[in-house]
Structure formats: C-alpha cells, structure tokens
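Structure, as structure tokens:
The values are calculated or read from the model by the stated rules, or taken from the named source; none is laboratory data. From a predicted model like this one, the values you see are computed outputs, not experimental measurements. For neighbour counting, all protein chains shown are included, and Cβ atoms are generated from backbone atoms with ideal geometry for every residue, glycine included.
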Amino acid sequence: MKKLLILAYYFPPLGMGGTQRIAKFVKFLPEFGWTPHVVTVKEVAYYAEDRSLLEDVKGARVRRTGSLDPARVLERLRGRRKLAETKHLLPSQRGLLSRLAAWLFVPDAKVLWQPFALAAARRVIKTEGVDCLLTTGPPHSAHLTGGLLKRLTGLPWVADFRDGWAGGNFQSEPTRLHGFLNQALERRVVRQADRIVAVSPGLAQRLQHRRRLPASRVRVVTNGFDPDDFPASPKAAGPRFTLAYCGTVSAIAPLDSLLSALASLLASRPELRDKMTLRIVGLDLTGALVSKARALGLAELVQVAGYVEHRAAVRELAAADLLLYPVAEWASADFIPGKTFEYLASGKPVLAIGPRVEGVELLQQFASASVFSHGQVEEIAEAIWRFYSAFQTQPRSADADLARLSAFDRRTLTASLAELLDEIS
C-alpha cells in the first residue's frame, strides 16, 4: 500500500460540506491501494460538529495539532467548552470576526495553523515514508504548506480546490492589495503543484486558462454521494406536503424569494396552510430566517431543524416531497453546492431558484428540476402549487437512476483521485 499525507483543516468531527469530501476520500482510498495519513487541527470553536463522520475516517492515522488561528484561540479562551456552545454566537458576531480576520490575514486566518501543520507533516513523512502529498482548500493557506513540503522533501503534491481562491465565492478580499496577494499566491501554488484537482469543470477551466496550465495537470473530481448514507427504507409519506432545504442558509443560498412565493400561494389558496411544511435542515447564518417567515405569516409552516449529522440530513431529504435549491444571483458560474449530488441520488423533484450555475445544469440534466430566477415570485408560487397537486396523486415518488449517476458515487470519484496519485508517485 502506498501512503498519502493529507493536510486538511476541516476534518471530522467538524461538520459541513468541505469536511465530507475529505472524509469520503479517506474512507475509500484504501480500496485503491492508498493508506491515508491526515494532519488536521485539534478542537476549535466551530458552529457545526458531526461525530458520525468519524466512522468514515476510522481507518486513517490522524495527527491533530495545535494552532494560533482565531477559531482555535477562541476555543481555548472559552475554557474548552463544548463546541455546541459556539452555535450561540450571533451571526452578526461571526460576521464581524470573519471580516476582521479577512483584513488581518492573507489568504485566510488559518495561515496561523500552517507552522503547526508543517511540523506535524514533516514528522509523518520522516516516520512513515510517505509517497505523495495532498492539500485541500479552503482554507487555501493549506496549499502554502503543501508548497513548502514539496520544496523540502521533493514529494509529488496534489492541490485540491474545493472552491475558487482568487475571486472565489468564499474568498474575502477587502482591498485591492488583498486581491493582488491572493492572485500571486494562487499563481505560485498552481504552478508548483504536480496536479491540481478542481471540484467542478468550470473551476478547472478557469484555473487552467488563467494560469496557462496544460490540461494534463488539471483534473476534475467533483463532490458526490455515498449510497451508504441513504436509508434502506425511506420514511413513509405523511399527511403534509413537505418542502425541504438541506444546507446552510447564507448570502449565497438565500430563501427570500421562496418565502415570498409561499406567502403569495397561501394568500390565494389559504386552505393549503395546514397541508404544507417547510423544513430547513441546516444552519441559518443570516440570523433572519425565522423573523422573515414570521413577518410573512409563515411561522407555523417553517420548521428549522438546525445543523444535524450528515446521515440525518440525508434522511430528511429522502423523506421530503420537494427539495429546494437557492443560489444567489452573484454566484460564480462554476458553483456546484455539495448538496447537489445527494439531491440527485434522492430521486426527488427539485425547485431551483437563481442563475443557471453548473449545479443547476446538473440538476436539469439528471433530475426533475424546475428553475426560476429570484424575481419570478408568482411563477415560483405556481410551481409549488403544481408540485403539491402532483403530490396528491402520487406522494413521495422517487425515481433516481443510480446507475446513471454512478460517476458521482464517492467510491468512483475516489478511484479517479487514486488514479491521479498513481500517475505522479
């Protein structure tokens, strides 16, 4: 078995989509001849914890290090309280801390983890005889450590981009200087890495063209779904028509148009008020969802489950009648939210609201998806009515063709990654 050293800040028991990608690679890599060794951070102040994902990484050797980044420092200053307590931070407080960090650190605040990660990684390389390196970002500062390790050891290195860096959806650039520095750092990383892995075709093309890289050095490995996460027997149909959004409510995934459409529909068809439920399974980072629902008279329809473990979230979408897929108008064209692939695997109809980013195009290609812009509130209301009417005749039908979706199976995707690792090691 060859050995792969992975540097990943976000790793179980931390939750959210970025963690799941690496956890699934770690789960399946041994099947393709690679033993994963992971360097990550010790417990930090973070608003999403998912200990169920530890099951996926139980076969890996994991080294957890200290760090001076704000999330780690905050955890220690709080006297090592449970991570669940960090969820009580107001979104405005989290936003203020994030904006301050964006000003102070380039490319991100996790750059203060890198000295610890570098020291731990060098120890692993010395004791284990590693064959290849993989860094994953965000945080893109992890790639800086990958570059240092490559120069120090000569090991082949793969840089995994889960989102864009310079000008990316989640990269803060408060000034032109910040933007210039991020451009320079990204340029250095992509030119130095032996291979670049991108989470979407559009991102791969953008990196390749912007940095003038040969196509052979850039590979697309999307996110995906793990059939093991889906319930063998989905929950039986209930009396109410259930709309579900499984993900984080945030600036890039706003629900305002959906709420307005529901309010319009109920104004014209008040008899539906006790026949529908809107389930929000995820964090509300805007802090305004409940108040907006209340202002529109939807308080009794909206149920906010908050962040739940990944398999519980998959059970929620498998039990829903209509899945919601909001995307902000400003999202980059290559945006594919991680939830996309589990939506596909569920076989449920999808109501997408926003621009036709790559994720929306996938839904249209492989699922029953209706797409509207944020300004089409009345059209969205009419679409919900049509879905509800169909539900009356055939509740909770699911017709996912998993064979057709096999390219997005996490095991298949990990095989692609392993093939790339074999090429360069």
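One table, with the values for the structure above:
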read-out	value
The range 21-33 residues that are touching a residue at least 60 places away in the same chain (Cβ under 8 Å), paired with ones that are among the small types (Gly, Ala, Ser) and part of a loop (DSSP other than H, G, I, E, B) (beta carbon under 7 Å, 6 or more apart)	Ile22/Ala8
Hits in the range 281-333 - residues which are farther than 28 Å from Pro270 by Cα and among the hydroxyl-bearing types (Ser, Thr, Tyr)	Thr286, Tyr307, Ser332
Selection from the range 101-153 of residues that are basic (Lys, Arg) and more than 17 Å from Arg72 (Cβ to Cβ)	Arg122, Arg123, Lys126, Lys150, Arg151
Subset of the range 142-198 [among the basic types (Lys, Arg) and closer than 19 Å to Leu100 by Cα]	Arg176
Unique match (being at pLDDT 95 or above and of a type in the set (A, V, I, L, M)) among Ala8, Ala45, Ala71	Ala8
Hits in the range 203-243 - residues which are buried (at least 16 other Cβ atoms within 10 Å of the Cβ), closer than 30 Å to Arg294 by Cα and either charged (D, E, K, R) or touching an Asp or Glu at 6+ places or on another chain (Cβ under 6 Å) (or both)	Phe241, Thr242
Subset of the range 46-77 (residues that are more than 23 Å from Ala121 (Cα to Cα) and assigned to a loop (DSSP other than H, G, I, E, B))	Tyr46, Tyr47, Ala48, Asp50
Matching option when the condition is modelled with pLDDT of 95 or more and not aromatic (Phe, Trp, Tyr), among Ala109, Ala159	Ala159
Test: residue in the range 12-26 that is at negative phi, surrounded by fewer than 22 Cβ atoms within 10 Å (Cβ to Cβ) and in contact with a Leu (Cβ under 8 Å, 6 or more places away or on another chain)	yes
Odd one out for Ser368 among (1) under 19 Å from Pro326 (Cα atoms); (2) modelled with pLDDT of 95 or more	(2)
Among residues of the range 100-125, those that are among the basic types (Lys, Arg) and over 16 Å from Lys42 (Cβ atoms), counted	1
Among the candidates Thr286, Thr277, Thr242, residue that is assigned by TED's automatic domain parsing to the domain that holds Tyr388 and either part of a loop (DSSP other than H, G, I, E, B) or over 30 Å from Gln394 (Cα atoms) (or both)	Thr286
Qualifying residue in the range 407-414 (condition: among the acidic types (Asp, Glu), outside any loop (DSSP other than H, G, I, E, B) and surrounded by 15 or more Cβ atoms within 10 Å (Cβ to Cβ))	yes
Per-region count, the range 1-21, residues among the aliphatic types (A, V, I, L, M) and over 21 Å from Trp157 (Cα atoms)	2
Pick from the range 361-387, criterion among the β-branched types (Val, Ile, Thr) and surrounded by 20 or more Cβ atoms within 10 Å (Cβ to Cβ), ranking: farthest from Leu243 (Cα to Cα)	Val377
Meets criteria (at pLDDT 95 or above, surrounded by fewer than 17 Cβ atoms within 10 Å (Cβ to Cβ) and either touching a helix residue (DSSP H, G or I) at 6+ places or on another chain (Cβ under 8 Å) or small (Gly, Ala, Ser) (or both)) for Gly33	yes
Failed item, numbered, when Pro91 is tested on (1) in contact with a Gly (Cβ under 6 Å, 6 or more places away or on another chain); (2) at pLDDT 75 or above	(2)
